[in-house]
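**Q** Before we start, here is the structure in question, set down as structure tokens.
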Amino acid sequence: MKKKIDQLQELMLSERWDEALSLASKFEDLGDHAKEIRMAHGANLSASMYQQMGHDPSRLRKIGISALMMRYKRFYVQDRMESEEPFFSIKK
């Protein structure tokens with residue numbers, strides 16, 4: 001059985017951002033990035049509710065992905081630097 005952090009790494013490296021945000025949003029220790037990651041996940045689940053509150057769900061998603069990358073840069077950035085793939089892309 002894979003550890004949750006290994007699952008998250010796999011999701012991030014395959015750019016499956018919505019799944020990565022969903023998994024990470026359940027982690028207890030997200031440090032300074034907790035709010036952004038959890039809001040992005042919430043916006044993915046309830047886009048219309050976040051729109052009603054005056055937020056742009058796609059913007060929250062991008063911010064959440066950036067927060068995820070910053071929080072877990074130890075494995076994401078290093079892997080991207082060693083590969084020939086683009087460093088950053090957001091697919092929807």
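The values are calculated or read from the model by the stated rules, or taken from the named source; none is laboratory data. None of these values were measured; they are calculated from a predicted model. Cβ: placed from backbone, ideal geometry, glycine included. Neighbour counts: every protein chain shown. Accessible surface is based on the protein model in full, side chains and every heavy atom, while ligands, DNA and RNA are left aside. Shrake-Rupley method; radii C 1.70, N 1.55, O 1.52, S 1.80 Å.
**Q** Translational diffusion coefficient of the range 4-64 at 20 °C, 1.002 mPa s, Stokes-Einstein with Kirkwood Rh over Cα pairs, in µm²/s as a whole number.
**A** Here the translational diffusion coefficient equals 184 µm²/s.
**Q** Still on this model: At R0 = 30 Å, how high is the FRET efficiency between Arg59 and Lys2 if r is their beta carbon distance? Nearest 0.05 is fine.
**A** FRET efficiency, Arg59 to Lys2: 0.45.
**Q** Right, something else. Ignoring ligands, DNA and RNA, what accessible area per residue does the range 1-80 give at 1.4 Å, in Å²?
**A** Working: 4750 Å² over 80 residues.
Accessible area per residue: 59 Å².
**Q** Pull out the extension gain between Ala47 and Glu10, defined as 0.36 nm times the separation in residues minus the alpha carbon to alpha carbon distance; nm, one decimal.
**A** 10.8 nm
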